[in-house]
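The values are calculated or read from the model by the stated rules, or taken from the named source; none is laboratory data. In this text the structure is predicted, and so the values were computed from the model without any measurement. With ideal geometry, Cβ positions are generated from the backbone for all residues, glycine too; neighbour counts draw on all protein chains shown. Surface accessibility is based on the protein's heavy atoms, side chains included, excluding ligands, DNA and RNA. Shrake-Rupley method; radii C 1.70, N 1.55, O 1.52, S 1.80 Å.
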Amino acid sequence: MIYFDNAASTPCYLEAIKATQKSMLEDSANPSAAHAFAKLSFQKIEQTRALILKTLNATSNYSVLFLSSATEANNQVIGSFESGVDIFYSQADHASITQPLLNCKKPENLKPLPLNPSDCLKSLPISGPAHLVISHINSQTGLIWPAFEAKLEKPHLKVHVDASQSFGKYLIDLKKYPVDSVVLSAHKMGGPKGVAALVVKNDFSLKTLLFGGGHEGGLRSSTLNTPLILGFKSAIEQATKTQNRQFEKLMSLKSHMIKSLKHTIKDVEVLFDNQTTSPYITLLALPKVPSDVLMRFLEQDQIYLSSSSACSSKAQENPLLEVLKIPKDLRKHLLRVSFSYKTNAYEVDLLCEHLTKHYDRLKGLN
Amino acid sequence: MKNYKTLIITVDELWLKGANKDFFSKTLKKNLKRVLKTFHPAKFIYNDEGAKHVVSSELEFTDELIKRLLKTTGLNSIMPALVTDLSLESAKACIVKILPDLPVTAKSFRVTTKRTNKGFKVGSMQTSKELGSIVLQNKPHLKVQMKNADLEIIVSVLQKNIFISYERFFGVGGLPVGTAGSMVTLLSGGIDSPVASFLMAKRGVDQSFVFFHAHPFVGDEVVEKVKRLTTKIKPYVRFCPLHIVPFGAIQQTIAEKCPEGYQTLFFKIYMLKTANALARHLDAKGLITGDALSQVSSQTLDNIACVDQCLPGTTILRPLIGMNKIEISNLAEKIGTYKISIEPHDDACAMLSSKHPVTKGSPETCKQFLTEYPLNEAINECLQQTKRVVINLEEKISELQSYTEVDFNPHL
């Protein structure tokens, strides 16, 4: 099986699986309990918080909250914003950002950013209170947003960054770029599903979503999920160890794939090719064959990736494609290829070969 | 509506049947008993008195059950009834018991007596008169009215008992499924084919369904849709196992080889050829399609003629042939399939067909293509890979054994 849908979810590092399993065997206690056995688990969780802060080069004025998902974290952060303050965001961002904004905030406070990330900074206000909420790397397009630079240039802005697609892949330095809050998702970088971390400045007045036993300083009640948190920890250790090497490798794999496809498929289009995108995410358009058909043909070869047209007419209604100003006739023809630490040249070559084979045979049908 | 422990069931079209009466009546009984056994949580006694069937139980029959029974084809009507002995005195005592249940809104009434048991010596007219006067004594505000009365109290004098009812619910009528033999129905996921199936069920045809799944050109969502449609038609059509035939590869071959404009027509011809091979295996007498004349390009008179000439000796029934779209849609609403049918689903034709399909296909071109590309092996293979599912009365879906070992021999 060859897997190219890593932006949706990335396979777990073997070490992370082992760490999770080990913790399930050993850490039976509720880490909030008062006895010594529980305190062992508690300490391991504290070590994970410390590792996260260290990885982000964060000073002691940040704290780490564990939650179930990046979606939960984004909802909690956005829910904490004072009403009446302008919020700058990208309409093409992940639904876990746009939906809480559209559902919970007053429309007059919502300020959409320009489509092109390079126009982002100059459109931000030069003074006054305002929020910026943005994914560092857009999960659909791979476009990189100047989320951290924004804080440096406009320190008066409160900046919330969803780093789900960049943590473990890009260097994030909170000392240099002191944004107000960052979300990290375990399952997008080789950790288990079901756990995420919200890193916030200590003076961030976060509102509570889940009330209960008062865990996480009263900000998020729920028994801490020791095994998943320790799996996350292990994934962070693995990812940071090889981060730079991986980045270089995937850069060259991406350009190899694009070159190779452009050679074999004359009409392939690489979207946002002229802008800076993550080496982990590539958005392709294959004009003559709907991408869901290609996806299912590749499925038969056990190659899995993501298509823009999930079912029937839904693709045309997908507001993201509209927002990104992707031409109507291409909207059902988008394939997202997303890499991980596991991706290698052999797999990329196989993808190119099979994609070309199917495209060549199918494009003549219509 | 008040729930009673007895139902009088009248049979539709039985008077047309002469010597076969018994067969039709028994088939209806068999079909109804299956529904009763599944949905009535108590024991029941079923008496078949020819044109009238009587079902009685210790437990009242619910509205739900009656609605379900009304979907059984061949059933004309159901009357929930009170039962009493074969005497006028008993009937008088019985009609008093029904009075509190009568709808308060009624201003006028009549009593109709149907005396199939001629051994009962009091005449129909007199029975009606005497029972009517009891109603009047107890409900003085009611007025007797022969025509268009608000309320009709029906007194059925049968072999062993008298039955009194004031409500009558009509079913879909026609003939019981299983009296006309079996056929294979092509389902597409659209509006028409479930209606075609319903109309043929109403004429007594047992059916197997076949859906041609153009995977990988379309996703599996459409299969779920067709399963849901099958569930909706199920109450009318008895067993109706659904065959999901993987057809994408054959459609791709056709699209690659066929003359421009003929794609859709050929898809249809090969689907029918495949369905025909399946029908032979199932010992079915022919095929049912949802064609309506000139509705789409593959349903023009010329193209229907092409289809028939390519499949000589095959009986293809097209019950919607003379119907307008609105008429078909109304029927689809009635049987509950319309809302499911209009849900959007992937259509392989968009990707595989010409934008300008032929409307006047040439039978010679079609026959020549069939001779050149019989695709018998491919058809045999896709039938062997067919998934068979059956949906039981309680809407549970289970998978049947596949045909891996069968040789379908799809030669025409």
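Pull up region B:283-295, narrow it to residues that are open to solvent by 50 Å² or more (accessible area, probe 1.4 Å) and in contact (Cβ under 8 Å) with a residue 12 or more places away in the chain, then point me to the one that is nearest to B:SER402 (Cα to Cα).
Quick first cut of region B:283-295, residues open to solvent by 50 Å² or more (accessible area, probe 1.4 Å) only: B:283, B:285, B:293-295.
Now narrow it down to the ones that are in contact (Cβ under 8 Å) with a residue 12 or more places away in the chain: B:283, B:285, B:293, B:295.
Numbers: B:ASP283: 17, B:LYS285: 22, B:LEU293: 35, B:GLN295: 35 Å.
Among those residues, the one meeting the criterion is B:ASP283.
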Exercise. Could you please give the count of residues in region A:177-211 that are under 24 Å from A:MET24 (Cα atoms) and either of a type outside the set (S, T, N, Q) or open to solvent by 40 Å² or more (accessible area, probe 1.4 Å) (or both)?
Key: 14
Quiz item: Scanning for something away from every other protein chain (no Cβ under 14 Å), part of a loop (DSSP other than H, G, I, E, B) and under 27 Å from B:MET351 (Cβ atoms), does region A:273-290 turn up at least one residue?
Solution: yes
Practice problem: Spot the failing condition for B:LEU287; the list is (1) more than 30 Å from B:LEU36 (Cα to Cα); (2) modelled with pLDDT under 95; (3) not aromatic (Phe, Trp, Tyr), and only one is missed. | Solution: (2)
Quiz item: With A:GLY217, A:GLY213 as the choices, which residue is part of a helix (DSSP H, G or I), more than 24 Å from the chain's Cα centre (by Cα) and within 30 Å of A:PHE81 (Cα to Cα)?
Solution: A:GLY217
Practice problem: Among residues belonging to region A:324-366 that are assigned to a helix (DSSP H, G or I) and either of a type in the set (Lys, Arg) or in contact with a Gly (Cβ under 9 Å, 6 or more places away or on another chain) (or both), point out the one that is nearest to the other protein chains (Cβ to nearest Cβ). | Solution: A:ARG361
Exercise. Could you check, for region B:171-184, whether at least one of its residues is open to solvent by 10 Å² or more (accessible area, probe 1.4 Å), under 30 Å from B:ILE98 (Cβ atoms) and not charged (D, E, K, R)?
Key: yes
Exercise. Run down A:GLU237, A:GLU299 and say which single residue is assigned to a helix (DSSP H, G or I) and within 14 Å of chain B (Cβ to nearest Cβ).
Key: A:GLU299
Self-check item: Hits in region A:148-167 (condition: in contact with a Leu (Cβ under 8 Å, 6 or more places away or on another chain), under 19 Å from A:THR59 (Cα atoms) and open to solvent by less than 10 Å² (accessible area, probe 1.4 Å))
Solution: A:VAL159, A:HIS160, A:ALA163, A:PHE167
Quiz item: Does region B:325-354 hold any residues that are aliphatic (A, V, I, L, M), in contact (Cβ under 8 Å) with a residue 40 or more places away in the chain and open to solvent by 70 Å² or more (accessible area, probe 1.4 Å), and which are they?
Solution: B:ILE342
Quiz item: If B:PHE120 passes every condition in (1) assigned to a loop (DSSP other than H, G, I, E, B); (2) open to solvent by less than 30 Å² (accessible area, probe 1.4 Å); (3) under 30 Å from B:VAL389 (Cα atoms) but one, which one does it miss?
Solution: (3)
Practice problem: Only residues that are out of contact with any Cys (no Cβ under 6 Å at 6 or more places or on another chain) and open to solvent by 10 Å² or more (accessible area, probe 1.4 Å): list them for region B:239-249, please. | Solution: B:PHE239, B:PRO241, B:ILE244, B:ALA249
Quiz item: Of the residues B:LEU151, B:LEU186, which is over 24 Å from B:THR315 (Cβ atoms) and away from chain A (no Cβ under 14 Å)?
Solution: B:LEU151
Practice problem: Specify which of the listed residues (A:THR48, A:THR71) is modelled with pLDDT of 95 or more, closer than 13 Å to A:THR226 by Cα and not in a strand (DSSP E or B). | Solution: A:THR48
Practice problem: Exactly one condition in (1) over 23 Å from B:ALA305 (Cβ atoms); (2) away from chain A (no Cβ under 14 Å); (3) crowded, with 19+ Cβ neighbours inside 10 Å is not met by B:ASN376; state its number. | Solution: (3)
Practice problem: Go through the residues of region B:27-45 one by one and say whether even a single one is over 26 Å from B:GLN207 (Cβ atoms) and charged (D, E, K, R). | Solution: yes
Quiz prompt | Candidates B:THR314, B:THR274, filtered to the one that is open to solvent by 20 Å² or more (accessible area, probe 1.4 Å) and in contact with a helix residue (DSSP H, G or I) (Cβ under 9 Å, 6 or more places away or on another chain) | solution = B:THR314
Practice problem: Looking only at region B:197-219, count how many residues are farther than 20 Å from B:LEU400 by Cβ and open to solvent by less than 20 Å² (accessible area, probe 1.4 Å). | Solution: 9
Quiz item: Can you name every residue in region B:207-253 that is more than 14 Å from chain A (Cβ to nearest Cβ), of a type outside the set (A, V, I, L, M, F, W, C) and over 13 Å from the mean Cα position of the chain (by Cα)?
Solution: B:LYS227, B:ARG228, B:PRO241, B:HIS243
Exercise. Can you tell me which residue within region A:1-45, out of those that are under 26 Å from A:SER139 (Cα atoms) and part of a helix (DSSP H, G or I), is least open to solvent (accessible area, probe 1.4 Å)?
Key: A:ALA16
Quiz item: Among A:GLN76, A:GLN140, A:GLN91, which is the only one that is surrounded by 20 or more Cβ atoms within 10 Å (Cβ to Cβ), modelled with pLDDT under 95 and on the phi < 0 side of the Ramachandran plot?
Solution: A:GLN140
Quiz item: Name the residues in region B:322-361 that are acidic (Asp, Glu) and more than 14 Å from every other protein chain (Cβ to nearest Cβ), would you?
Solution: B:GLU327, B:GLU333
Quiz item: Out of curiosity, is B:GLY322 on the phi > 0 side of the Ramachandran plot and surrounded by fewer than 17 Cβ atoms within 10 Å (Cβ to Cβ)?
Solution: no
